[in-house]
């Protein structure tokens, strides 16, 4: 089929995409308008540009599987002697199909862009929350250190309370707590096996209140 896009690139109808690209690179170098002599006429320059555009069109169609299939079908219809009006109708359908494919591609790319932007926003928000949590943790740690410096006995009292709460929660008793600093002590009786589970929590809260308020 003389004058086809395959002829322009000098490849067969069974050429692979890689062969099409290699042929395009060679033809593009051969037909580029810059290859003309500076003294070339306007007609020669226009002809060179037209030939170069044909090479570009051949690459665009033959490197795209959908466009290449449509082009091959159209070539077969024309080669079988169908009326031009039929070829024009088919060409119109091909153009509509190409326009639809292009539109769907744009929609898909737009959705991907929105997803990427949304993921980036979520990443920024997560990093911001992490920084805030680290700052709050550092602030709390600083406050605890200041309390320890002001009241050195505070840490010991807290550890004693936690130990008593643990013993009460595991029903180990009676438990006696004695504090030399204030000469107070407390006896927590052992709970009966059939006692309600939440009673230990009540004992623990009572001990904590006694320990810190006196």
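The values are calculated or read from the model by the stated rules, or taken from the named source; none is laboratory data. This is a predicted model, so every value here is computed, not measured. So basically every Cβ, Gly included, is an ideal-geometry build from the backbone, and we count neighbours across all protein chains shown.
For every residue, the table says whether it meets (1) at pLDDT below 90; (2) closer than 29 Å to residue 105 by Cβ; (3) in a loop (DSSP other than H, G, I, E, B).
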{"site": "1", "(1), (2), (3)": "yes, no, yes"}
{"site": "18", "(1), (2), (3)": "no, yes, no"}
{"site": "24", "(1), (2), (3)": "no, yes, no"}
{"site": "30", "(1), (2), (3)": "yes, no, no"}
{"site": "68", "(1), (2), (3)": "no, yes, no"}
{"site": "76", "(1), (2), (3)": "yes, yes, no"}
{"site": "85", "(1), (2), (3)": "yes, no, no"}
{"site": "90", "(1), (2), (3)": "yes, yes, no"}
Fill in: Residue check for residue 51: modelled with pLDDT of 90 or more, part of a helix (DSSP H, G or I) and within 30 Å of residue 33 (Cβ to Cβ)
no
Per the filter on the stretch 27-55, residues surrounded by 13 or more Cβ atoms within 10 Å (Cβ to Cβ) and free of Cβ contacts under 8 Å to residues at least 12 places away in the same chain are 40, 44, 47
